[in-house]
Amino acid sequence: MCEAQQCPPLAGRDESTDRPTIGQILRQYGPAYRAKYAAQMSSDQLRVMDQLERCRTGELGYAVYRCDSCGAVHTVPQSCGNRHCPLCQGHKAKQWLQKQLAKLLPCAYFLITFTIPQELRLFVLAHPRECYRAMFDAAAATLRELASNPRFIGSSRLGFTGVLHTWGRDLNYHPHVHFIVPGGAISEDGQEWLPSRVDFLVPVEAASAIYRAKFLDCLAASGLADQAREVIGNKDWIVHSKAVGDGRQTLHYLAPYVYRVAISNGRLVKCEPGPDGLGRVTFTYRKSGSRRWRAMTLTAEDFIGRFLQHVLPRGFQKVRHFGFAHPRQNIDHQWLEMLVTVTLNYVYVLTLAASPWPVSPPPTCPICGGNLTYVGFVSAHQERCMAPDTS
């Protein structure tokens, strides 16, 4: 997990808004929630609450800037840098998207989604590290097993990227893994590109059965397989596959999930005392398949509880690369791109690199408008001891 930032946040950004933020809700209602549920909360959830409550309040220290023009010194409250904080992750999603777009191969792509039965969700929530790992490993093994069948591709040497997604549109717990998979694989001898059909990768009914078995096998090492088997019984598992063209649109869809938390501050409408004196949080959401925004109101306690369901175990990576997409495979991307192009008889290859994201302007001095230069970091205690700026 990313802890406190070593680099400063941008100065001069106006964070003032009439709408509430996650941090404000946690600061106002978090202490009561902890007092009631601390014994049931994980250490990861407690840590996330603490960091988000202190984000940009000054308790984490201050970034110090000096104006290049007038020499005035300004201090800016430091961000927490936690990956569950909606204020601290936006720029990372853009960087990830640009990098992944540059790696796209000139072939068909598929979005494969592996889900778990609803009956198993509470079990997964109780054992997140083991179950999330099992979801990734079982899904990857399922794809490789089916791809090795000559009826589909004929090689297990796929290369794909998976993204763990744990929330539904209304903050409910709904863990599943999205995989973006190129339509083909490197032959077992490493000399050929074996393409799939442009509209079909692997059979989802077979994938569902194999995924279920492999998920339970993955849990066996941690001693959880028998418990999971009792919970799910004979429930069907669902794997969904969709052809997504050249993959660009799907990467744009997945990028926000990589560095986005369960809900952004922009979806929060209001937080106010209810008739019983307890807090009420109203946020917007859209039902699946609908473009119309709806409003939902929860008690602050329920809202915080739903938010904390999606805290990941410390150090757990929610994005994973497999096969030739993994950096350690040392597969030359230009060679692979050429191999795919020659195999599919493309006359030319369209460069899919993302356009550079616009560079944010440097922070400016609120006094004279000059550019600010980052000087360093001071603790909250040091900032209180600093003499007032009389420039």
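The values are calculated or read from the model by the stated rules, or taken from the named source; none is laboratory data. Nothing here was measured: the structure is a model prediction, and the numbers come from that model. In this analysis, Cβ positions are derived from the backbone assuming ideal geometry, glycine residues included, and neighbour counts consider all displayed protein chains. Just so you know, the surface numbers come from the protein's heavy atoms only, side chains and all, with ligands and any DNA or RNA stripped out. Shrake-Rupley method; radii C 1.70, N 1.55, O 1.52, S 1.80 Å.
For the reader, a short list of remarks on this structure follows.
- Hydrodynamic radius of the chain per Kirkwood, over alpha carbon pairs, in Å: 23.7
- With the helix formula -39500 (n - 2.57) applied to DSSP H stretches of n ≥ 4, the chain reaches a computed 222 nm mean residue ellipticity of -10000 deg cm²/dmol.
- Geometric descriptor of region 145-210, per residue, is 103 Å³ (volume of the convex hull of the Cα atoms).
- Highest mobility in the GNM of the chain, judged by mean-square fluctuation with C-alpha springs under 10 Å and restricted to Pro327, Pro128, Pro31, is found for Pro327.
- Approximating the spin labels as points 7 Å out from Cα along Cα→Cβ, the Lys36-to-Tyr285 distance works out to 1.9 nm.
- Over 26 Å apart at the Cα level, from the set Lys214/Lys242; Lys242/Lys318; Lys36/Lys270; Lys103/Lys318; Lys270/Lys318; Lys242/Lys270, are Lys270/Lys318; Lys242/Lys270.
- With one equal scatterer per alpha carbon and no solvent term, the Debye-computed log10 I(q)/I(0) for region 124-233 at 0.15, 0.17, 0.19, 0.23 1/Å reads -0.71, -0.87, -1.00, -1.24.
- Per-pair calculated FRET efficiency, R0 = 30 Å: Val231 and Ala206 via Cβ, rounded to 0.05: 0.80
- Positive-end residue, the chain charge dipole about Cα centroid, Cβ charges, pick of Ser290, Ile210, Ser79: Ser290
- Solvent-accessible area per residue, Å², over region 112-231 with all protein chains present [probe radius 1.4 Å]: 40
- With each label modelled as a point 7 angstrom along the Cα→C-beta vector, the Tyr173-Leu122 pair spans 0.9 nm.
- Computed over region 202-319, Cα set: Rg, Dmax in Å: 19.4, 54
- Nearest 10 degrees, 0 to 90: helix 204-220 Cα axis against the chain principal axis: 60
- Within the accessible area of the chain (1.4 Å probe), percent carbon and sulfur: 51
- With Cα atoms, 0 to 90° folded angle of helix 90-101 axis to the chain main axis: 20
- Diffusion coefficient, µm² s⁻¹, Stokes-Einstein with Kirkwood Rh over alpha-carbon pairs of region 94-141 at 10 °C and 1.306 mPa s: 118
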